1. Against the longest alpha carbon principal axis of the chain, how many degrees, from 0 to 90 and to the nearest 10, is the axis of helix 17-31 turned?
2. By counting other Cβ atoms within 10 Å of each Cβ, how are I142, I172 ranked from fewest to most?
3. Shape verdict for the range 1-51, please, from the Cα gyration tensor: rounded (a/c under 1.5), prolate (a/b greater than b/c) or oblate.
4. Counting only helical runs of four or more DSSP H residues, what would the 222 nm mean residue ellipticity of the chain come to if each run contributes -39,500 (n - 2.57) and the total is spread over all its residues?
5. Quick one: among L69, L153, L100, which has the greatest mean-square fluctuation in a GNM of the chain with alpha-carbon springs under 10 angstrom?
6. In the chain, if every C-alpha pair distance is counted and binned at 10 Å from zero, what percent goes to each bin?
7. Please order Y66, Y79, Y13 by the number of other Cβ within 10 Å, starting at the fewest.
8. Given H placed 1.01 Å from N in the peptide plane, which residues other than close sequence neighbours of T88 have an amide H under 5 Å from its amide H?
Amino acid sequence: MSENTQWFVVHTYSGYENKVKANIEKIIENRGMQEYIHEVVVPVQDAVEIKNGKKKTVQRKIFPGYVLLNMIMNDDTWYVVRNTRGVTSFVGPGSKPVPLTEDEVASMGIELPQELIDLDVGDTVKVISGPFESSVGGIKEINQGKRTVIVKLSIFGRETPMEMDFSQVTKII
């Protein structure tokens, strides 16, 4: 039993994602399992729908039928989650849940445990990969959740804000 949390995926009945999230959160509270199950997430994104000529922003589930859990896997947590109403199974071969890799978690836009980055708004950074490699600019904004920074770069003589992954920039001291 490892004491560090990992992200796991559970399959749910279609349309039950939010109910499963609420049920698991209630169980965590009732059983005092906050130290074992840290976060229950139903990833959503904003989408624009046009109905009867009117634009409306709605939240769509990115992975319908799935709920993500940041938890310590042990017999108790497996049992509690697996037996939550609406959960059909953990994602993994047989009954063995397989944790997501950090890259998979990051690609889903889920916040990883706060990685300390040595960057602050106003810092000057150099772009170390991507189409703007070797460009230099100032950090305008930091988004820990998406693990990105907005860097003001001079492109064709204009200050242009560009969103970049933490891994694409390095601080100039």
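Throughout, read-outs are computed from the coordinates displayed, never taken from laboratory work. These figures come from a predicted structure and were not determined experimentally. Counting neighbours? That spans all protein chains shown, and the Cβs are built from the backbone with ideal geometry, glycine included.
1. Roughly 70 degrees, rounded to the nearest 10.
2. Values: I142 16, I172 10.
So the ranking, lowest neighbour count to highest, is I172, I142.
3. Working: a/c = 2.64, a/b = 1.96, b/c = 1.34.
Prolate, because a/c is 1.5 or more and a/b exceeds b/c.
4. Details: 3 runs with 29 residues, N = 173.
The helix contribution divided over the chain gives -5000 deg cm²/dmol.
5. L153
6. With a bin width of 10 Å, the distribution comes to 9, 29, 25, 22, 14, 2.
7. Working: Y66 17, Y79 10, Y13 13.
Ascending number of Cβ neighbours within 10 Å: Y79, Y13, Y66.
8. Under 5 Å from the amide H of T88 lie the amide H atoms of H11, T12, Y13, each far enough along the sequence or on another chain.
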